[in-house]
Amino acid sequence: MTDGEFNHQWCERLYRERAAELLLYGRALGLSHAEAEDVLQGTFQAMLVLEIPPRNPEFYCVRSFRNRAFNYRRSWWRRIWRELESRHWFEDSGVESEREHEAKRALIRLPMEQREVIVLKIWHDYTFDEIGRILRLSPNTVAGRYRYGLQKLRIILDANDYEQLEWMRETDACMETPRPG
């Protein structure tokens, strides 16, 4: 039997014996059942790649699970905080025109994927190809998100009043020229 086979059997036995207890522990730490299952899976995936089994496998497993559960919760709170904070990015700063304020309010109402592409395109002046590389998407997918996002903005801002959308009309074309450099 190779070390890898031994490690696999060791982890499998520990999983069978302790998985239910660890899920309960995860719930006690404030995770949902699904979150506890995710943490449990991550814990055992990490243990499967250990070169040498720990001296006290059960203690190591519980400690590892606990650390991963807290890391999961911290990342969850950070993710929630970022989403809440992003709503404030487009609030009125007091020095913008009413038209800018309306556009920002409309932008908040878009799905995050479309809002992200519009901000990168208009405010950062990236090409669809550059945005695609940033988001790991095809330029066509990026252009589609941009196009659909602008369509939704037009609906939100009242499509009959194109004067309000002057700043968007200039960047509305799906075809673009590459940026130098």
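The table below gives the values:
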| quantity | calculated |
| --- | --- |
| Spin-label zone in region 20-37 - amide nitrogen under 19 Å from a point set 7 Å from the Cα of W77 along the C-beta vector | 26-33, 35-36 |
| Inter-label distance for E102 and R13, nm, one decimal - labels placed 7 Å from Cα along Cα-to-Cβ | 7.2 |
| Region 3-84 - charge dipole about Cα centre, Lys and Arg +1 at Cβ, Asp and Glu -1, debye rounded to 20 | 520 |
| Loop GluC sites (Glu not before Pro), region 24-57, which have at most 15 other Cβ atoms in a 10 Å radius of their Cβ (DSSP) | E51 |
| Prolate/oblate/rounded label for region 115-160 (Cα gyration tensor, a/c 1.5) | prolate |
| Rounded FRET efficiency, nearest 0.05, which uses the C-beta distance separating F70 from E113 and R0 of 41 Å | 0.85 |
| Relative contact order of region 3-84, pairs being alpha-carbon contacts under 8 Å that are 6 or more residues apart, as % | 34 |
| In Hz, Karplus ³J(HN,Hα) per residue of region 33-47 (6.51, -1.76, 1.60; θ = phi - 60°; x = Gly, Pro) | 4, 5, 5, 4, 5, 4, 5, 4, 4, x, 4, 6, 4, 5, 6 |
| Filtered trypsin sites (Lys or Arg not before Pro), region 22-72: DSSP coil and at most 12 other beta carbons within 10 Å | R55 |
| Label-point gap, in nm, between A20 and E51 - each point 7 angstrom along Cα→Cβ | 3.7 |
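Taken together, the values in this text are just the output of simple stated rules run on the coordinates, not laboratory data. The structure displayed is predicted, hence computed values, not measured ones. Positions of Cβ are generated from backbone atoms using ideal geometry, with glycine treated the same way; all protein chains shown enter the neighbour counts.
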